[in-house]
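Pasting a structure here, questions to come.
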Amino acid sequence: QVQLVESGGGLVQPGGSLRLSCAVSGFTIRWQNMNWYRQAPGKEREWVATVSIGGSTNCADSVKGRFTMSRDNAKNTVYLQMNSLKPEDTAVYYCSARVRSMDVWGQGTQVTVSS
């Protein structure tokens, strides 16, 4: 059974940091590109970052220089390190992958940036 479980969200002040985790079961992330998306209230889900099978990363312009995605194949887990957080980063953050021609998603973790 494929399962992605995000954790690490919470309430943080502007300028603060959080590290999100996505623990995967049911498939091996070593052979998958892995992604983070987010959805703010009243907005469409948007892509945040991708880490490729080879370990290279790419981020949306809105988070470039502040967010870093990484993977630990041994733990079958991906991470999103978020620094210099802004109120506009407030959203539910989702981990996803395309597995056997299907997009799979976690349940999401809430990140709220507010003073």
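Checking the cross-link filter: which lysines have an alpha carbon closer than 22 Å to that of residue 64, excluding same-chain neighbours under 8 positions apart?
Answer for residue 64, where 22 Å is the Cα cut-off: 43, 86, listed by chain and number.
Turning to a different aspect of this structure: If packing is taken as the average count of other Cβ atoms within 10 Å, what order do 106-112, 14-20 fall into, highest mean first?
So the order, starting with the most tightly packed, is 106-112, 14-20.
Could you work out how much longer the chain between residue 86 and residue 31 gets when fully extended? Use 0.36 nm per residue separation minus the Cα distance between them, nm to one decimal.
16.5 nm
Between residue 46 and residue 5, what length comes free when the chain is fully extended (0.36 nm per residue of separation minus the Cα-Cα distance, one decimal in nm)?
12.9 nm
Go ahead and set up a Gaussian network model of the chain, Cα springs under 10 Å, then flag whichever of 58, 73, 83 fluctuates most.
Highest fluctuation of the listed residues: 73.
Measuring from centroid to centroid over Cα atoms, what is the spacing of region 8-48 and region 55-115 in Å?
Region 8-48 and region 55-115 have Cα centres separated by 3 Å.
While we're here: Tell me which residues come under 5 Å, amide H to amide H, from residue 108 once H is placed; ignore anything under 5 positions away on its chain.
Here the answer is 6, 95, since their amide H atoms fall under 5 Å of that of residue 108.
Can you give the relative contact order of region 3-115 as a percent, counting alpha carbon pairs under 8 Å and 6+ residues apart?
So the answer I get is 37 percent.
Would you kindly give the portion of the calculated P(r) for the chain that falls above 20 Å, as a percent of all Cα pairs?
More than 20 Å apart: 35 percent of the Cα pairs in the chain.
All of the numbers you see were taken from the coordinates with simple rules; none came from a lab. Keep in mind that this is a model prediction, so the values were computed, not measured. Methodologically, a virtual Cβ is constructed for each residue, glycine included, from the backbone with ideal geometry; neighbour enumeration extends over all protein chains shown.
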